Amino acid sequence: MFGKNSKVDMELNRDVERFLHQCAKENGGLLPIVQAGEPVLRQPTVPYTGQLSKKTMAKLIEAMRVTMLEAPGVGLASTQVGINLSFAVLEDHTSEEYADDPREFAEFPFHVIINPSYEPVEGSATAEFFEGCLSVAGWQAVRKRYVDIIARWQDEDGERHEEHLHGWPARIFQHETDHLSGELYIDKAIIRSLTSDENLDDYWIEDPVPTEAAKELGFEL
């Protein structure tokens, strides 16, 4: 657990406090989301062991959540706001209109995942869908992911969790956890499927399983 035995990094804590104060003053509390090419996105993160005070961590988590929702997005990793510690925030909501969608959207309430990891459930299928990233703004590409995973993480109090995630929540967890090892989704995406958000809306939005996109853009699923 993070607590009495945790050692706060006072210099880092001050830097984060200054960063949050500056963002509150200049951008209404929204944090800048760094884009592909920033070195921090390619550096494996440092495990979180309590380097920030509980108060500072809580403020950072809330600022990340607000930034994620405003973007809008369904996940935001620490590296995406320039902080090289191993944690991310996740949240997604769905509606009945997506009940039969092959991407298997599901309600995924707000989570803080600290030092997360995952592994596929034995025998898990994979699925290929368009995926995007707030740090590769304006673009999406088809990425293969496991449909079922065992997800492990710690919460803000250091309590350990393990959960079987399925469908779109599993994809979100994989995407954000990969960020923390320095990976972007495009590293293993089908690059020939790369499309702007505008063209995705114009051509492929009605094709959740990207079979038509594969045919027209010339890639294999």
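The values are calculated or read from the model by the stated rules, or taken from the named source; none is laboratory data. Since this is a predicted model, take the numbers as computed values, not measurements. Methodologically, a virtual Cβ is constructed for each residue, glycine included, from the backbone with ideal geometry; neighbour enumeration extends over all protein chains shown.
Checking each residue in the range 38-48 for being assigned to a helix (DSSP H, G or I) and surrounded by fewer than 14 Cβ atoms within 10 Å (Cβ to Cβ) picks out only Pro39. Glu162 fulfils the conditions (1) modelled with pLDDT of 95 or more; (2) surrounded by 15 or more Cβ atoms within 10 Å (Cβ to Cβ); (3) more than 24 Å from Gln80 (Cα to Cα); (4) not β-branched (Val, Ile, Thr) except for a single criterion, (2). Of the strands (runs of 3 or more DSSP E) contained entirely in the range 119-221, those carrying at least 2 residues that are closer than 20 Å to Pro72 by Cβ and of a type in the set (Phe, Trp, Tyr) fall at 126-132. Restricting Val112, Val142, Val209, Val147 to residues that are free of Cβ contacts under 8 Å to residues at least 60 places away in the same chain, over 14 Å from the mean Cα position of the chain (by Cα) and surrounded by 14 or more Cβ atoms within 10 Å (Cβ to Cβ) narrows the list to Val147.
Of the residues Gln51, Gln80, Gln35, the single one that is within 20 Å of Gly138 (Cα to Cα) and in a loop (DSSP other than H, G, I, E, B) is Gln35. The residues on offer are His161, His175, and the sole one that is of a type outside the set (Asp, Glu), without any contact (Cβ under 8 Å) to a residue 60 or more places away in the chain and under 30 Å from Ser6 (Cβ atoms) is His161.
Residues that are of a type in the set (A, V, I, L, M, F, W, C) and more than 30 Å from Ser53 (Cα to Cα) do not occur anywhere in the range 109-120. Quick one: in the range 77-109, of everything that is modelled with pLDDT under 95 and among the hydroxyl-bearing types (Ser, Thr, Tyr), which residue is surrounded by the fewest Cβ atoms within 10 Å (Cβ to Cβ)? Here the answer is Ser95. A residue that is surrounded by fewer than 16 Cβ atoms within 10 Å (Cβ to Cβ), under 20 Å from the mean Cα position of the chain (by Cα) and not in a helix (DSSP H, G or I) cannot be found anywhere in the range 7-22.
Quick check: is even one residue across the range 146-155 modelled with pLDDT of 95 or more, in contact with a Ser or Thr (Cβ under 8 Å, 6 or more places away or on another chain), closer than 25 Å to Gln80 by Cβ and basic (Lys, Arg)? For the range 146-155, residues modelled with pLDDT of 95 or more, in contact with a Ser or Thr (Cβ under 8 Å, 6 or more places away or on another chain), closer than 25 Å to Gln80 by Cβ and basic (Lys, Arg): present. One residue stands out in the range 115-137 among those that are among the small types (Gly, Ala, Ser) and touching a strand residue (DSSP E or B) at 6+ places or on another chain (Cβ under 6 Å): the one that is surrounded by the most Cβ atoms within 10 Å (Cβ to Cβ), namely Gly132.
Across the range 186-204, the number of residues qualifying as touching a residue at least 40 places away in the same chain (Cβ under 8 Å) and within 22 Å of Leu41 (Cα to Cα) comes to 9. For Val74, the stated conditions hold: it is surrounded by 14 or more Cβ atoms within 10 Å (Cβ to Cβ), touching a strand residue (DSSP E or B) at 6+ places or on another chain (Cβ under 6 Å), in contact (Cβ under 8 Å) with a residue 60 or more places away in the chain and not basic (Lys, Arg).
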